[in-house]
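To start, the structure under review is shown below, and the notes come after it.
No lab work stands behind these numbers, since they all come straight from the coordinates. Only a predicted model underlies this, so the values are computations on that prediction, with no experimental measurement involved. For neighbour counting, all protein chains shown are included, and Cβ atoms are generated from backbone atoms with ideal geometry for every residue, glycine included.
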Ligand code: SF4
Ligand code: SF4
């Protein structure tokens, strides 16, 4: 197997993650993924409502600037989710993206919901020799772009085990239908047919979402009556669209205890990733992973929890497997942040220790953090062998101020300062300093009480 190049900037140093991404874009040759004038989709995860772990808009804006510098015509995009939270429809996703800071003003280009207002705009991407799928559904706006740059936040994921480039492509670039397929909701063996139905657990009109629950099934497979047993579920017509969340919150429709679907899901991600990378063209897709603010769960939950690892830096590659391998390897080598999820007492395998797998061991059901990577290798999507190349900063004068500004800011203040002179004002100071350095040192003698 060939050895792929992965370029890396460590987490330390007086160089921002915005610049690291820009510099890595250049040294990894991601500009070679498009020609001048090409439409370039920049795929991000814009974060769930109230989540704060997603990549900062300025990081994305930096890549937008770099794509433009190389002559590309960028747009930033995300897709609707297959469940109905704050990104379930295009109009909700635009609001969530704006609340999280992703707007044309902050990005310097348009923000697009790539699978349209209802997540139904898609292109069927063929797949040969997949592990689970015969084809996948790529969000239309991405499919119609000339190139794809994938910016991923490396972190844990409740079902994918970890989230980075493979998941950002395999799930993140899918339409709703594509996401449902990859989640294996419609799989004839361990999808909907295997789910358990407990109508007796429904509390009927006492449920705060009774009305909504009874009305939101697009196929009429799930209905509610006013008499016990309230719910009726015809699984023969249920399309596993997950618009109802399969009643996960109330245990009326639940996944079986030994959930094969969830255990295979990380591997199914790689099927779709293969279909989409091949659809776009291998030389038309580039990846940057930001292993910063590494949370135990994905940016698709409405919280972030404490970071489980110190920042590991920024990675870039043209190989989707090698870049995720490099991040996972770095996470294994590092000790977890004390007090974070890997230290929770109920967990087995001491996941907090350097040398142990962090993500495998914080999952609620046993799934290997290498599942997606192993499945992608089986599909020939890239190489697990990689050369990790430490990048160096570029010319310093390029950085630290907007590139559109030719002059130092003092150039623009020289005229108003000469007319409206700021005063040199020694008389604003007291003659004696009233506080000593000793008084300023040490913790104040404060009493603290705790309750609750
Ligand atoms: S099925 Fe669940 S969510 Fe729906 S009304 Fe009954 S208790 Fe509420
Ligand atoms: S998953 Fe099935 S029951 Fe739920 S909304 Fe979709 S079709 Fe209806």
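What the table below lists for this structure:
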read-out: Estimated FRET transfer efficiency (residue 197, residue 303; beta-carbon r; R0 25 Å; 0.05); value: 0.25
read-out: Alpha-carbon radius of gyration plus Dmax, which is the widest Cα pair, for the range 196-254 in Å; value: 10.2, 28
read-out: For the range 126-189, radius of gyration divided by Kirkwood radius, i.e. Rg to Rh on alpha-carbons; value: 0.97
read-out: Separation of the residue 337 and residue 388 label points, Cα + 7 Å toward Cβ, nm; value: 2.0
read-out: Order of 386, 210 - criterion: other Cβ atoms within 10 Å of each residue's Cβ, fewest first; value: 210, 386
read-out: Per-q log10 I(q)/I(0), the range 82-129, q = 0.24, 0.31 Å⁻¹ (Debye; single scatterer per alpha-carbon; no solvent); value: -0.87, -1.12
read-out: Rel. contact order, % - alpha carbon contacts under 8 angstrom, at least six apart, the chain; value: 21
read-out: Using alpha carbons only: equivalent-ellipsoid semi-axes of the range 277-384, gyration tensor based, whole Å; value: 27, 15, 13
read-out: Ascending count of other beta-carbon atoms within 10 Å, so fewest first, for 38, 299, 344, 271; value: 344, 38, 299, 271
read-out: Cα point-scatterer Debye curve for the range 341-407, base-10 log of I(q)/I(0) at q = 0.11, 0.24 Å⁻¹; value: -0.58, -1.04
read-out: Per-peptide average of other Cβ atoms within 10 Å, ordering 415-425, 11-21 highest first; value: 11-21, 415-425
read-out: Estimated distance in nm for a label pair at residue 282 and residue 50, the labels positioned 7 Å out from Cα along Cα-to-Cβ; value: 4.5
read-out: Whether the range 382-452 is rounded, prolate or oblate, judged on the alpha carbon gyration tensor where a/c under 1.5 counts as rounded; value: oblate
read-out: Cα-based Rg / Dmax (Å) for the chain; value: 25.1, 86
read-out: Rounded to 10°, Cα long-axis angle of helix 17-27 versus longest principal axis of the chain; value: 80
read-out: Efficiency of FRET from Cβ geometry, residue 36 and residue 364, R₀ 45 Å, rounded to 0.05; value: 0.40
read-out: Residue order, fewest to most surrounding Cβ atoms within 10 angstrom, among 252, 448, 337; value: 448, 337, 252
read-out: Packing-based ranking, highest mean first, of 349-361, 371-383, 220-232 given that Cβ atoms within 10 Å are counted; value: 371-383, 349-361, 220-232
read-out: Per-residue [θ]222 nm for the chain (sum of -39500 (n - 2.57) over DSSP H runs n ≥ 4, rounded to 500); value: -7500 deg cm²/dmol
read-out: Cβ-derived FRET efficiency at R0 30 Å, residue 85 paired with residue 374, nearest 0.05; value: 0.50
read-out: Highest average packing first - 140-147, 25-32, Cβ atoms within 10 Å; value: 140-147, 25-32
read-out: Between helix 320-333 and the chain: long-axis angle, C-alpha atoms, 0 to 90°, nearest 10; value: 70
read-out: Angstrom value of the Kirkwood radius, inverse mean 1/r, which spans all Cα pairs in the range 1-126; value: 15.9
